[in-house]
Amino acid sequence: MVNHGPPIITISLAVALVTLLVLPVPGLGQEEAVVASDQCVACHSDLEVLPHDYIVEDVHMKAGLGCAGCHGGDPMSDDDEVAMSPKAGYVGAPAKKDISKFCGKCHSDIEFMRRYQPRIPTDQASQYATSVHGIRLARGDENVADCTSCHTAHGILAVKDSRSSVYALNVPATCNKCHGDAKLMSGYGIRTDQYEKYAQSVHGKALLENQDVGAPACNDCHGNHGAMPPGITSVRQVCGHCHVNNMQFFTASKMGAAFDREELHGCEECHGNHDVKRTADDMVGIGDAAVCIDCHDEGDKGYETAGKISGLLTALTTVYDQAETKREEVSRIGMDDEEIGFVLQEAHQSLIQARTLVHTFDDVKVGVQTSAGTAKAQEALDLAIEQIQEHGVRRRGFGLATIFITILVIALFLKIRQLPDS
């Protein structure tokens, strides 16, 4: 027989208890039925000693798993000695070092989880053991996060529930409970400004301000149960999970190879990590805002290439902006700007591709796209100018026609006045 660790309630007993706990109670939901028939909740409520984070909407309660589902014992008895008898499998609050095993007793059992949430992975406990938190806990450090640190113990909500501590919008604050604690982090030499930096980053603003749940939070880069800081060689892979083309171009470039030799963090060296700012063309080149000059000095090849790439992007954006301004004028005066818009879309696509090709650090490749984009932007500009000129011609024609008609009306009026009265 396989030894599953501490004497926690067995799966077969848990299932039996669940069957008892979820007997139909007229007019009550699943979790309310559990509460109504669970002497653990009744007694703890009477004594006002319910766990501080207890909520009846807890996912386990909703599934029909009451207190005994985790702690064992006999939830049908109001006798303390019977309800909390070790013979009934009762386990109180587990020791810190045993919490992942305590939760994993069910969450690592594929057959058991199939009955409730077959889509949930059953390797969370094993992943946790590989994380910084799990490794430190195994060494006896009880200051690190365990399952309950992130999910809570008695108020666990579905990840899609906006009240959940692990709902996408709440993840940064959940991580910051520990990582923003200066006293706690001082023992590890870890900075505590990550949340503040993240909140001001392009990712943080998208998630926290715009509430875009598709934007990356802490766990998207560091992992969930197996959370670790990305290694030097894996940073670009982490970023490349979303920014695929940028990662592929950088990896295949001479710069990527040089970064590997020097053991530099790919994307992070130019973009930062927690405080990633929205990119702009002036990041490339030899100006004051350029990141290229952090490593390249005047006279070296990289400095020269950076200047060329910057010039190519500037040439394209200059013509593009002029064409866009003229297109707006065409629209404002009521002329047809549809074709201009289509041509500008092609120019904009070339601009996007050129900006992505910056990660090749090859001015020739960038130049191919900027040339195509500049040609399209110039075409759009020419079309806009034609529309504006056509509008001028029409206005002049309308003016002449108005003058002619006015003269004709006056002449007709004078002629009518000369006619004798009948």
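The values are calculated or read from the model by the stated rules, or taken from the named source; none is laboratory data. Here the structure is a predicted model, which means the values were calculated and not measured. Backbone-built Cβ (ideal geometry, glycine too); neighbour counts: all protein chains shown. Heads up: the accessible areas ignore ligands, DNA and RNA and are worked out on the full protein's heavy atoms, side chains in. Shrake-Rupley method; radii C 1.70, N 1.55, O 1.52, S 1.80 Å.
A few notes on this one:
- Cα centroid separation, the range 225-249 to the range 386-421 (Å): 71 Å
- Most mobile listed residue (LEU408, LEU264, LEU65) in the chain, GNM with C-alpha springs under 10 Å: LEU408
- Anisotropy class of the range 112-247 from Cα gyration tensor, a/c 1.5 cut: rounded
- Rg over Rh, two decimals, the range 324-422 (C-alpha only, Kirkwood Rh): 1.47
- Centroid-to-centroid separation of the range 122-141 and the range 190-219 [C-alpha atoms, Å]: 25 Å
- Taking all protein chains into account, the per residue accessible area for the range 256-327 stands at 59 Å² (1.4 Å probe).
- Accessible carbon and sulfur surface of the chain relative to its total accessible area, %, 1.4 Å: 57 percent
- Comparing GLN378, GLN117, GLN194 in a Gaussian network model of the chain, where Cα atoms under 10 Å apart are tied by springs, the biggest mean-square fluctuation is seen for GLN117.
- Efficiency of FRET from Cβ geometry, GLN389 and LEU264, R₀ 56 Å, rounded to 0.05: 0.55
- Neighbourhood net charge (15 Å Cβ-Cβ; Lys/Arg +1, Asp/Glu -1) for GLU81: -3
- Net charge of Cβ neighbours under 15 Å - reference THR192; Lys, Arg +1; Asp, Glu -1: 0
- Take every pair of alpha-carbon atoms less than 8 Å apart whose residues are at least six positions apart; their mean separation over the length of the range 153-308 yields a relative contact order of 15 percent.
- GNM remark for the chain: springs join alpha carbons under 10 Å apart, and the peak mean-square fluctuation among ARG395, ARG163, ARG191 falls on ARG395.
- Here the contact order of the range 157-207, divided by its residue count and restricted to Cα pairs under 8 Å and six or more residues apart, works out to 20 percent.
- Rounded to the nearest whole Hz, the Karplus-based 3J(HN,Hα) values (6.51 cos²θ - 1.76 cosθ + 1.60, θ = phi - 60°) of the range 146-153 follow the sequence 10, 3, 6, 5, 9, 9, 6, 9, with x at glycine and proline.
- Scaled against 2.2 N^0.38 Å for its residue count N, the alpha carbon radius of gyration of the chain is 1.57.
- Rounded to the nearest 20 debye, the dipole size of the chain about its Cα centre is 680 debye, using +1 on the Cβ of Lys and Arg and -1 on the Cβ of Asp and Glu.
- Shape of the range 100-140, Cα gyration tensor, a/c cut at 1.5: prolate
- Tensor-based shape of the range 71-132 (alpha-carbon gyration tensor, a/c under 1.5 rounded, otherwise prolate or oblate): oblate
- Expressed in Å, the radius of gyration and Dmax of the Cα atoms of the range 350-404 are 19.8, 64.
- Legend: helices of the chain (whole DSSP H runs) are marked when their alpha-carbon atoms reach 20 angstrom or more along the helix axis and their mean Kyte-Doolittle hydropathy is at least -1.0; marked are 301-332, 338-357, 363-418.
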